[in-house]
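Each remark here refers to the structure printed beneath this line.
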């Protein structure tokens, strides 16, 4: 019996809308849980508050964010291979991006970057750190700056529309990951971390991170569709 090969066709806009809808539900669920905890005084709700807390680890939002990063990793890897086959420039940069997103996914699931907080705090004097209370942001800023310089030529050589999309996604993500982390760190140092305001800051932070990744996934799918007709993945049945 002959094995059938069937394509899965992905529409970039539909994929982005579905992922965005899931992200919105998670953000609203997290906000609802934190409102219940700090305003209504119900901080458990049979485990639902922790299960949907965007500022917690090893729960549904964390796994969803890690999955988004893995999806971006897969798309970048596919584009790397296809661009290599066609002899397109900057193949190594596409491959490095894929590896980078794989590492980001691992970090999202395990929060490795938070292990930098105490060592960097010690170097800074461990008191009155202000916006750098979550001290990992300092090496984070250095890393983002270095990556910006490293990928400068790669970005400039992309078509203008693609470049703008990639930079928009990066800006949204960085505002969430570093911008709101700076704001949250300052507030935590002044008022502690057990209050609704800190939870709202964390919710905006994680929400923007998810938005940036989803926008980047959409941009990658559009790039794939523009250069390879349509987004198709083949499987055997």
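Brief remarks on what is shown
- As a proxy for reagent exposure, 101, 151 were ordered by neighbouring Cβ count within 10 angstrom, fewest first; the result is 151, 101.
- The stretch 7-230, relative contact order in percent, only Cα pairs under 8 angstrom and at least six apart counted: 27 percent
- Residue order, fewest to most beta carbons within 10 Å, for 46, 93: 46, 93
- Linear extension gain, residue 195 paired with residue 146, 0.36 nm per residue minus alpha-carbon span: 14.1 nm
- Inter-part distance where the stretch 87-120 and the stretch 20-76 are each reduced to a Cα centre, Å: 22 Å
- Cα pair distances exceeding 20 angstrom across the stretch 7-230, given as percent: 62 percent
- Helical contribution to [θ] at 222 nm, DSSP H n ≥ 4, -39,500 (n - 2.57), averaged over the chain, rounded to 500: -22500 deg cm²/dmol
- For 163, 121, the sequence from fewest to most other C-beta atoms within 10 Å is 163, 121.
- Extending 7 Å from Cα along the Cβ direction at residue 51 and again at residue 84 yields two label points whose distance is 4.2 nm.
- Mean Cβ neighbour count within 10 Å, used as a protection proxy, ranking 34-45, 217-228 highest first: 217-228, 34-45
- Distance-filtered residues of the stretch 128-145 - backbone nitrogen under 19 Å, label point 7 angstrom along residue 122 Cα→Cβ: 128-129, 133-140
- Of every Cα-Cα pair in the stretch 137-234, the percent that sits beyond 19 Å: 54 percent
- Overall shape of the stretch 14-55 was characterised from the C-alpha gyration tensor. The equivalent ellipsoid obtained from it has semi-axes of 24, 9, 6 Å, in decreasing order.
All of the numbers you see were taken from the coordinates with simple rules; none came from a lab. The model shown is predicted, which means the values in this text are computed figures rather than measured ones. Neighbour counts run over all protein chains shown; Cβ positions are idealised from the backbone, glycine included.
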